[in-house]
1. Only bridges whose two residues both fall in the chain count here: according to DSSP, what percent of them are antiparallel, nearest 5?
2. I'd like the trypsin sites (Lys or Arg not before Pro) in the range 32-101 restricted to DSSP loop residues with at most 11 other Cβ atoms within 10 Å, sorted by number.
3. From the backbone phi of the range 20-33, what are the Karplus-calculated ³J(HN,Hα) couplings (6.51 cos²θ - 1.76 cosθ + 1.60, θ = phi - 60°) in whole Hz, Gly and Pro given as x?
4. Of the listed peptides 51-64, 19-32, what is their order by residue-averaged count of other C-beta atoms within 10 Å, with the highest listed first?
5. So for the chain, taking the charge dipole from beta-carbon charges (+1 Lys/Arg, -1 Asp/Glu), which of ILE77, VAL104, ASN16 sits furthest toward the positive end?
6. Rounded to the nearest 0.05, what FRET efficiency is calculated for ALA90 and ASP57 with R0 set to 22 Å and r the Cβ-Cβ distance?
7. Calculate the spin-label point distance for LYS5 paired with ASN72, positioning each point 7 Å from the Cα along the beta-carbon direction, and give it in nanometres.
Amino acid sequence: MPVQKIALAEKFDSFNEQWSPKIVASVDDFDVKVVKIEGEFVWHKHDDEDEMFLVIDGAFDMHFRDNIVQLNQGEMIVVPRGTEHKPVAANECRVMVLEKSGVVNTGDAAPSKLTAGTGERI
């Protein structure tokens, strides 16, 4: 299969849903996902996986039980496995996420309307 570039703006423009990660590529055993976030997510953790969040456009706060990290365009954070966290975005924010394939976005939280499963490939 030929190597092709991925236009992130086109990928983001192809969907409107919030908190619904879309897989745009795979790297070994990891999925590269894009997601639009706005509002407040649920407290959750992933016992066996780290997660990386890179802000492509906008800004959001990553809440932890003991602090809040503000993230702006071009900034990223790695949430270590087992760490409870909750993303919160006052306005729509476009984020790239890197996580192991098969990870459910709400982690150990009870299934809810925010649970997106393991992600749709676009």
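1. 90
2. Those that pass, being in a loop and sparsely packed, are ARG65.
3. Result, ordered by residue: 10, x, 10, 7, 10, 6, 10, 10, 6, 9, 10, 9, 9, 10 Hz.
4. 51-64, 19-32
5. ASN16
6. 0.95
7. Computed distance between label sites ASN72 and LYS5 equals 2.7 nm.
The numbers here are math on the coordinates, done by the rules we state, and not lab data. From a predicted model like this one, the values you see are computed outputs, not experimental measurements. So basically every Cβ, Gly included, is an ideal-geometry build from the backbone, and we count neighbours across all protein chains shown.
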